[in-house]
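Notes to accompany the following structure.
The values are calculated or read from the model by the stated rules, or taken from the named source; none is laboratory data. What you are looking at is a predicted structure, and each value in this text was computed from that prediction instead of being measured. Heads up, the Cβs are rebuilt from the backbone with ideal geometry, glycines too, and the neighbour counts pull from every protein chain shown. Quick note on the areas: whole protein, heavy atoms, side chains included, nothing else; ligands and nucleic acids left out. Shrake-Rupley method; radii C 1.70, N 1.55, O 1.52, S 1.80 Å.
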Amino acid sequence: MATAGTDNGDGHVAARRAFDETKAGVKGLVDGGATTIPSFFYHPKPRFIPPPPPPHLSVPIIDFSLPRTSILPAVVSAARNWGFFQLINHSIPLPILSRALSSARSFHELPAAERSRYYSREYGGGVSYISNVDLYSSSAASWRDTLQIMMGPTPPDQEKIPAVCRQELNAWDTAARGLARQLMGMLAEGMGVEEDRLEKMTCLNTRVLACHYYPPCPEPEATAGLVNHSDPGVLTLLLQDDIGGLQIKKEGEDGEFWWIDVKPVEGTVVVNVGDLLQMISNDKYKSVDHRVLANSHKEARVSVAMFLNPDRRRESDLYGPLPELLSNENPAHYRNFTMPEFMKTFFSRQLDSKCLLDHFRIQTDDTK
């Protein structure tokens, strides 16, 4: 990870360091009455703005109360064609979802002096409060703060989790892990392998909670809440409040693309495929780019994401396309790699870089 001494060429290292050292995040700027954003938050204007999406395009919503024989093909189709979907009528009690979101908000809206005690770019006891994980390496910062908690494979020091959200986030972790197990079983079946194949690969074991807070922005058109990126891991489960702003990139058959809103629906869990699952599935499932717009509303936006990854990190533990999927007709699209190499590659890039999948892709005449 880049450090405070990294010069990213934009002349704002000192300003970023001064911002970081306040330990108050973007919320501190808002509380201080900011009417403009600091210069290092300005993002270049896009060279191309795609047209509005056709009205028939919307992120799939899957009713998890239907028979499994109906749910499974819907999940597989959504993971293959969209990389994103929303679950309704799932098994998680709705109060667990609402309490997780409200407790995350409560943490970020604590007085700055209380929040700052958790501010760190290191996982102290598995817990870190931070603004922009790539603050010193990105070309421009984004308008959000984050509380990160490493929930597994080693449980965090419970006393290090802020009391205002400790019970609620632990409840969400337990419930989400059960839902993720069901989803991974269906996704494994959709690949034609045993239902517990991904679980045996420990894909449920490493779990990171990211509680994002997007304060109202005085210049929302000039910056981003979260830049265009894809998630590096296996699977992401996300809770979002009713503010909105999350968009996914949907590509058409002729190379065109649109930004599609993931419209908030009360009680839903948003699910998306990560880069690692795309590689494990040999491109059967799709990890898609997504972003969060800077918040133009008067109230802060809050989301709670769970990122799931394997925990086998030895040099002898190799990842890549499942051998069961490969044949002369379906050769491997990616080379094998270790998790240490995978994570090193991820942290060596900017968040909005698209090089992770390409880094491990086997070059052929069609991909050169």
Share of accessible surface on carbon and sulfur in the chain, whole %, 1.4 Å probe and ligands ignored, is 52
Which one of GLU253, GLU109, GLU324 has the biggest mean-square fluctuation once the chain is modelled by GNM with Cα springs under 10 Å? GLU253
Would you mind calculating the gained length between ASP157 and ARG361 on full extension (0.36 nm times residue separation, minus the Cα-Cα distance), in nm to one decimal? 69.6 nm
For GLU195 and LEU57 in the same chain, what is the full-extension length gain: residue separation times 0.36 nm, less their Cα-Cα distance, in nm? 46.6 nm
Within the chain, what percent of beta bridges assigned by DSSP are antiparallel, to the nearest 5? 90
Listed residues THR206, THR268, THR174, most fluctuating in the chain (Gaussian network, C-alpha, under 10 Å): THR174
Between the stretch 60-113 and the stretch 159-184, what is the separation of their alpha carbon centroids in Å? 13
The stretch 10-136, Cα convex hull volume normalised per residue, Å³: 213
Towards the positive end of the charge dipole of the chain, with charges on Cβ (+1 Lys, Arg; -1 Asp, Glu), say which of ALA79, SER139, LEU237 has the farthest Cα. SER139
Just reorder LYS27, LYS284 by solvent-accessible area, largest first, 1.4 Å probe, all chains present. LYS284, LYS27
For the chain, count all C-alpha to C-alpha pairs, find those more than 28 Å apart, and express that count as a whole percent of the total. 44
For VAL13, placing the label point 7 angstrom along Cα-to-beta-carbon and taking the stretch 125-161, residues whose amide nitrogen sits under 18 Å are 134-141
Using the heavy atoms of the protein chains alone and a 1.4 angstrom probe, what is the accessible area of the stretch 141-245 per residue in square angstrom? 32
Could you give the accessible area per residue of the stretch 35-140, probe 1.4 Å, as a whole number in Å²? 51
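Would you calculate, for the chain, the mean residue ellipticity at 222 nm contributed by helices, counting each DSSP H stretch of 4 or more residues as -39,500 (n - 2.57) and dividing by all residues, to the nearest 500?
After summing the helix terms and dividing by residue count, I get -8000 deg cm²/dmol.
Rounding to the nearest 20 debye, state how big the charge dipole of the stretch 172-292 is about its Cα centre with +1 on each Lys and Arg Cβ and -1 on each Asp and Glu Cβ.
400
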